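**Q** Just passing along the structure, written as structure tokens.
The values are calculated or read from the model by the stated rules, or taken from the named source; none is laboratory data. These figures come from a predicted structure and were not determined experimentally. Don't worry about glycine lacking a Cβ; one is built from the backbone with ideal geometry, like all the others, and counts go over all protein chains shown. In case anyone asks, the SASA skips ligands and DNA or RNA and just uses the protein heavy atoms, side chains included. Shrake-Rupley method; radii C 1.70, N 1.55, O 1.52, S 1.80 Å.
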Amino acid sequence: MPLSNMQSNAAGWSEVSPGPPLWLLAELTYRCPLHCAFCSNPVDYARNTVELDTAQWCDVFSQARALGAVQLGLSGGEPLLRKDLEALVRHAHGLGFYTNLITSGVGLTDARLAGLREAGLDHIQLSFQDSTRELNDFLSSTRTFDLKQRVARMIKAHGYPMVMNCVLHRHNLAHVGTIIEMALQMDAEYLELANTQYYGWAWENRLALMPTQEQLRDAEAVVKQYRARVGRQCQILFVVPDYFEPRPKKCMNGWGTTFLGVAPDGTALPCHAARMLPGLVLPNVTTQSLRAIWTESDAFRRFRGTHWMQEPCRSCDQREEDYGGCRCQAFLLTGDPAATDPVCDRSGEHEKVNEIVLQGRLAAVQARDRAYPMVFRSDGNSLRLSSGQK
């Protein structure tokens, strides 16, 4: 079944009639024991303390499965802080979902792993911040490196594939080789090296995190060497940040065509960061059915297809390849969520991306002077930023 059907008007622009939301991401809580400077949660998360209860989440899963969703990500914050996680996994497994727990590992004990295994959990993705204790613990502002090592061994002992994730940026790109070696020592089957995308907390810290082109080039060369050496022993995914590409990536594989996120309070999200977009009234699963949200809500229809596009996207022969790029990125860089993503070198505002990359390069030179201190995720910083303080 196709992901979507295109309905074109006389001018050739199209609106999408969506297929099913194949990927459901349940952000079970914004609570988290880590304080990562690149966290993708909204910077004002501390203002959102409401969480759906067990029955409400189970109802969301049932509705999503009826719509045709097949993969369920259980995320946060830290999803292990939900005491009902096993019950949620059991319900999702019974519906036929492929379930993926995305975790820091904090709170994952041997007994809890056994319970999740019994409930039917299919997949665990464990995050690391670096291959060294010093940088891992600094970037998360916690002492968790040794804990993560123990959790990795427990995951393997319970028969799960080892799936490791590490967010990359200026401070750890030079460690890519040792990060890969750590993953191999853990018998990881998959390693996701996801270069930072700049929204949420990463946007606040962009000048402290932005790598140089040389760092990216050198790191990618190391990844290619390891891929050739290890073959299928470990699948290594290396995602280049948009700022260093001439064309943007397709936003969520096409806005409102594949991905459906649900925030802790039940807000339905066409992308992880959609809360930031002005003029976008986001529906909530406590007041609307998931089917109505997916097929009829303005928020999910707003940037589907190409009908909403401005120039140069509107006349571009690649408009159905990238759908104008990332809406949140466009808003952060231009103030207009309907603008062409400035990452695209055809954008009239592409120079803004070049300026930030240049500022990042200068910041890398000045790092020893702490010219751009990091803002770590915390309730205090969240409340400060949400009130407009810097």
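**Q** Too long at a 26 Å Cα-Cα cut-off: which of K83/K148; K83/K156; K148/K249; K250/K352; K249/K352; K224/K249?
**A** In this structure, K148/K249 exceed 26 Å between Cα atoms.
**Q** Applying 1/(1 + (r/R0)^6) with R0 = 51 Å to the Cβ-Cβ distance of A66 and L237, what FRET efficiency is obtained, to the nearest 0.05?
**A** Working from the Cβ atoms, E equals 0.95.
**Q** With a 1.4 Å probe and all protein chains left in place, how much of the accessible area of the stretch 211-266 comes from carbon and sulfur atoms, in whole percent?
**A** Carbon and sulfur together cover 49 percent of it.
**Q** State in Å² the accessible area per residue of the chain; use a 1.4 Å probe, count heavy atoms of protein chains only, and round to the nearest integer.
**A** Dividing the accessible area of the chain by its residue count gives 42 Å².
**Q** Compute the FRET efficiency between E321 and E134 as 1/(1 + (r/R0)^6), taking r as their Cβ-Cβ distance and R0 = 25 Å, and round to the nearest 0.05.
**A** Efficiency computed from Cβ-Cβ geometry: 0.05.
**Q** While we're on this one: Would you please state which residues of the stretch 37-55 a label at L383 would reach in this model, taking the label point 7 Å out along Cα→Cβ and a backbone N cut-off of under 17 Å?
**A** From the stretch 37-55, the list is 43-50.
**Q** With labels modelled as points extended 7 Å from the Cα through the Cβ direction, what inter-label distance (nm, one decimal) is found for A114 paired with N253?
**A** That separation, rounded to one decimal, is 3.6 nm.
**Q** Using helices alone, I'd like the mean residue ellipticity at 222 nm for the chain: each DSSP H run of four-plus residues gives -39500 (n - 2.57), total over residue count, nearest 500.
**A** Using -39500 (n - 2.57) per qualifying helix, the result is -10500 deg cm²/dmol.
**Q** Moving on. Simple spin-label model, 7 Å along Cα-to-Cβ: L95 to K83 in nm?
**A** Placing both labels 7 Å along Cα→Cβ, they lie 2.4 nm apart.
**Q** Quote the accessible area belonging to K224 in square angstrom, nearest 10, computed with a 1.4 Å probe and with ligands, DNA and RNA left uncounted.
**A** 120 Å²
**Q** Sticking with this one: Once label points are set 7 Å from the Cα along Cα→Cβ at both T54 and T287, what is their separation, rounded to one decimal in nm?
**A** 2.8 nm
**Q** How much of T286 can a 1.4 Å solvent probe reach, expressed as accessible area in Å² and rounded to 10?
**A** Answer for T286: close to 80 Å² accessible.
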